[in-house]
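Notes follow once the structure below has been shown.
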Amino acid sequence: MKTYSGKSVFGGIAIGKISVYQKKEQMIKRVKITDADAEVERYNAARKEAILQLQGLYDKALKEVGEANAAIFEVHQMMLEDDDYNESVENIVRNQEVNAEYAVATTGDNFAQMFASMDDDYMRERAADVKDISERLITVLSGNADHSVGSKEPVIIVADDLAPSETVQLDKDMVLSFVTVHGSLNSHTAILARTMAIPALIGTPLPLDDTVNGRLGIVDGTNGVIYVDPDEETLAKMQKKQEEEAEKKRLLQTLKGRENVTLDGQKVMLYANIGNIKDLATVIQNDAGGIGLFRSEFIYLENDHYPTEEEQFTIYKQVAETMAGKRVIIRTLDIGADKQCDYFNMEHEENPALGYRAIRICLTRPEVFKTQLRALFRASAFGKIAIMYPMITSMKEIKRIQEMVALVKAELDVEGIEHGDPEQGIMIETPAAAIISDELAKEVDFFSIGTNDLTQYTLAIDRQNTKLDEFYDAHHPAILRMISMVVENAHKAGIWAGICGELGADQSLTQEFLAMGVDELSVSPGSILPIRKIVLETNVEEYKAGK
């Protein structure tokens, strides 16, 4: 048995025959021509044919992986319309009096090299796109069929790398997984793979020869490992894991598409908590009704600089478009306590959980807060975004947020920048907010109860301190009474209330939350279906009567 480690693109277990995919090398000859006009015309005809092919790929991707992930093929079409690229090809044809294939190959290499040398990660990724469209043009010009990755039996595809167009053409019934030697987690291929829910690895240093091809393989997408010729113990262990996943999928098939309504007609929204756009595939796969908590702080934590308005806007817009009209609740910056950003240059605190964090940072660093709000309001024009503010303790904070929101909207209007009018909600995660929730409810559109911090602050127990585990009781009567009170106060004011903390996924409390009238439970994607099962099997009135 040989083991190779790579970077996980999407989790899951795949067991099957390995098929090494080698791209057909296109031999480009430099051929002298006599009629440059005719050669340029031949190039333009090939370009039109390539654009038609890309439109077909866009249509296929749109159905299978959604608009946001299909957009790469629109980008490729636009690149084929790019004046710089086309002028380069035409100049080479005319000035060097050479065939279009050679001119395309030369232009493709030059442009790819240019993009690859850039500092910006996004622009570096465009090098692969230039190579992809150049290879497509050469294929059309040479009269070769547009070959795709394929097999007559389900296999684990191993390759040096896969272009987005190759990935989207995968027949999912014939592909168990794919593993590549190169590639990046931010590439369009990786994004497509996650959305297609195919277990996949990138950056895996394995040989592309007969020591791998045709052998039995196991891809553990969760741990980023591929086993070649696994021993019996490993095979048995992975088969068991695969069976457990298959059981979850069977649960998915029976519950997917079902409305979250109890036996006696009470409805609840089941949403997902995520940290970044890489988690969107699991949100869709587990049939979440929306995103109840998008932790925007990870955009800051994963950077070495303050994320710009454009950087944030791009991410929020992609989330909104991918969720296709479903509610996406984005929590504003929540750093501090156990989440620190070096470039914020915050001073050491003896008790950071009670210190300078979340909304307190935003309200005292208005330039940071304003940048995020502008990005959020702009992105809200592309989907059903809602904004949620963390660590609220007073009406004064609400008023200051409202002033900043009004300023941002006015600025965008003056600048003529399109924006939506997203719902504005707050997290109830301090006892202060819970106790005055009747007053706070009059100023916002919804509540989301953050049970992790609410428990910590109510019980005066640091949830990071393992020595206090025996004293930490998330089911403490004070916590449950506080949640019930917040829900009741929300309903009196005509707004909805949900739970986005870990307690929301506690299946032993699901019926209790339904009895309280909780309107929404936002949990990790994998918890949605098990909770839906409890909801569908519960009669709330009978549960109340039996308490």
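Among the residues of segment 264-301, which ones are under 13 Å from the mean Cα position of the chain (by Cα) and aliphatic (A, V, I, L, M)?
If the condition is that a residue be under 13 Å from the mean Cα position of the chain (by Cα) and aliphatic (A, V, I, L, M), then ALA272, ILE274, ILE277, LEU280, ALA281, VAL283, ILE284, ILE291, LEU293, ILE299 are the ones that fit.
Scanning segment 248-288 for residues that are among the β-branched types (Val, Ile, Thr) and out of contact with any Asp or Glu (no Cβ under 9 Å at 6 or more places or on another chain), which turns out surrounded by the fewest Cβ atoms within 10 Å (Cβ to Cβ)?
THR254
Would you confirm, using the coordinates I've provided, whether GLU415 is exposed (fewer than 15 other Cβ atoms within 10 Å of the Cβ) and modelled with pLDDT of 95 or more?
Answer is yes for this residue.
Being free of Cβ contacts under 8 Å to residues at least 24 places away in the same chain and open to solvent by less than 60 Å² (accessible area, probe 1.4 Å) is the filter here, so list the residues in segment 202-220 that pass it.
Passing the criteria: only PRO207.
How about segment 212-232: which of its residues are outside any loop (DSSP other than H, G, I, E, B), farther than 12 Å from VAL155 by Cα and of a type outside the set (D, E, K, R)?
Within segment 212-232, VAL225, ILE226, TYR227, VAL228 qualify.
Can you name the condition, by its number, that VAL149 falls short on among (1) among the β-branched types (Val, Ile, Thr); (2) at pLDDT 70 or above; (3) buried (at least 20 other Cβ atoms within 10 Å of the Cβ); (4) under 20 Å from ASP210 (Cβ atoms)?
Looking at each condition in turn, VAL149 falls short on (2).
Search segment 346-363 for residues that are more than 17 Å from TYR306 (Cα to Cα) and pair each with any residue that is charged (D, E, K, R) when their beta-carbon atoms are under 7 Å apart and the residues are at least 6 apart or on different chains.
ALA353/ASP462; GLY355/GLU349; TYR356/GLU349
Which of the residues spanning segment 297-320 are under 14 Å from LYS278 (Cβ atoms) and outside any helix (DSSP H, G or I)?
Hit for segment 297-320 is GLU302, nothing else.
For segment 362-380, how many residues are open to solvent by 10 Å² or more (accessible area, probe 1.4 Å) and more than 20 Å from GLY336 (Cβ to Cβ)?
Residues in segment 362-380 being open to solvent by 10 Å² or more (accessible area, probe 1.4 Å) and more than 20 Å from GLY336 (Cβ to Cβ): 3 in total.
If SER484 passes every condition in (1) in contact with a Ser or Thr (Cβ under 6 Å, 6 or more places away or on another chain); (2) under 20 Å from ALA505 (Cβ atoms); (3) small (Gly, Ala, Ser); (4) open to solvent by 30 Å² or more (accessible area, probe 1.4 Å) but one, which one does it miss?
(1)
Taking segment 510-547 as the region of interest, how many residues are touching a helix residue (DSSP H, G or I) at 6+ places or on another chain (Cβ under 8 Å) and within 20 Å of LEU255 (Cα to Cα)?
Residues flagged as touching a helix residue (DSSP H, G or I) at 6+ places or on another chain (Cβ under 8 Å) and within 20 Å of LEU255 (Cα to Cα) within segment 510-547 amount to 21.
Tally up the residues in segment 1-51 that are open to solvent by 30 Å² or more (accessible area, probe 1.4 Å) and farther than 30 Å from ILE198 by Cβ, please.
Qualifying residue count, segment 1-51: 16.
Condition check: more than 20 Å from LEU354 (Cα to Cα), open to solvent by 70 Å² or more (accessible area, probe 1.4 Å), charged (D, E, K, R) and assigned to a loop (DSSP other than H, G, I, E, B). Does GLU439 satisfy that?
No; evaluated as a whole, the condition is false for this residue.
Test each condition in (1) at pLDDT below 95; (2) buried (at least 22 other Cβ atoms within 10 Å of the Cβ); (3) in contact with a helix residue (DSSP H, G or I) (Cβ under 6 Å, 6 or more places away or on another chain) for ALA337 and report the one that comes out false.
(2)
Being surrounded by 15 or more Cβ atoms within 10 Å (Cβ to Cβ) and within 20 Å of GLU418 (Cβ to Cβ) narrows it down to one of ILE315, ILE359, so name that one.
Going through ILE315, ILE359 in turn, just one is surrounded by 15 or more Cβ atoms within 10 Å (Cβ to Cβ) and within 20 Å of GLU418 (Cβ to Cβ): ILE315.
Which of the numbered conditions does ALA460 fail, given that it passes all the others? Conditions: (1) within 32 Å of the chain's Cα centre (by Cα); (2) open to solvent by 20 Å² or more (accessible area, probe 1.4 Å).
(1)
So that you can scan it fast, the table gives a plain yes or no per residue for (1) hydroxyl-bearing (Ser, Thr, Tyr); (2) farther than 27 Å from VAL319 by Cα:
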{"position": "ARG30", "(1), (2)": "no, yes"}
{"position": "THR34", "(1), (2)": "yes, yes"}
{"position": "TYR43", "(1), (2)": "yes, yes"}
{"position": "ARG47", "(1), (2)": "no, yes"}
{"position": "VAL89", "(1), (2)": "no, yes"}
{"position": "PHE111", "(1), (2)": "no, yes"}
{"position": "ASP132", "(1), (2)": "no, no"}
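Which one is surrounded by the most Cβ atoms within 10 Å (Cβ to Cβ) among residues in segment 508-547 that are assigned to a loop (DSSP other than H, G, I, E, B) and either touching a strand residue (DSSP E or B) at 6+ places or on another chain (Cβ under 7 Å) or among the acidic types (Asp, Glu) (or both)?
Among residues in segment 508-547 that are assigned to a loop (DSSP other than H, G, I, E, B) and either touching a strand residue (DSSP E or B) at 6+ places or on another chain (Cβ under 7 Å) or among the acidic types (Asp, Glu) (or both), the one surrounded by the most Cβ atoms within 10 Å (Cβ to Cβ) is VAL518.
Find the residue count for segment 490-505, including only residues that are in contact with a Phe, Trp or Tyr (Cβ under 9 Å, 6 or more places away or on another chain) and within 16 Å of GLY450 (Cα to Cα).
The number of residues fulfilling the criteria is 8.
For segment 60-67, state whether one or more residues are loosely packed, with under 14 Cβ neighbours inside 10 Å, at pLDDT 90 or above and either farther than 18 Å from SER88 by Cα or over 30 Å from the mean Cα position of the chain (by Cα) (or both).
no
For segment 79-99, which residues satisfy the criterion of being touching a residue at least 40 places away in the same chain (Cβ under 8 Å) and under 10 Å from ALA36 (Cβ atoms)?
Hits for segment 79-99 are GLU90, VAL93, ARG94, GLU97, VAL98.
Does segment 493-501 include one or more residues that are open to solvent by 20 Å² or more (accessible area, probe 1.4 Å) and either in contact with a Pro (Cβ under 6 Å, 6 or more places away or on another chain) or part of a helix (DSSP H, G or I) (or both)?
no
Check ALA127 against each of (1) at pLDDT below 85; (2) crowded, with 18+ Cβ neighbours inside 10 Å; (3) outside any helix (DSSP H, G or I); (4) hydrophobic (A, V, I, L, M, F, W, C) and name the one condition it does not meet.
Failed condition: (3).
Yes or no: ILE528 in contact with an Asp or Glu (Cβ under 7 Å, 6 or more places away or on another chain) and closer than 30 Å to MET395 by Cα?
Here the answer is no, as ILE528 does not meet what is asked.
Check whether at least one residue in segment 471-478 is part of a helix (DSSP H, G or I) and either under 18 Å from PRO431 (Cβ atoms) or basic (Lys, Arg) (or both), and report yes or no.
Within segment 471-478 (the criterion being part of a helix (DSSP H, G or I) and either under 18 Å from PRO431 (Cβ atoms) or basic (Lys, Arg) (or both)), the answer is yes, since at least one residue qualifies.
The values are calculated or read from the model by the stated rules, or taken from the named source; none is laboratory data. It should be emphasised that the depicted structure is a prediction, and the values quoted were computed from it without experimental measurement. All Cβ positions, glycine included, derive from the backbone under ideal geometry; neighbour counts span all protein chains shown. These area figures cover heavy atoms from the full protein model, side chains too; ligands, DNA and RNA do not enter into them. Shrake-Rupley method; radii C 1.70, N 1.55, O 1.52, S 1.80 Å.
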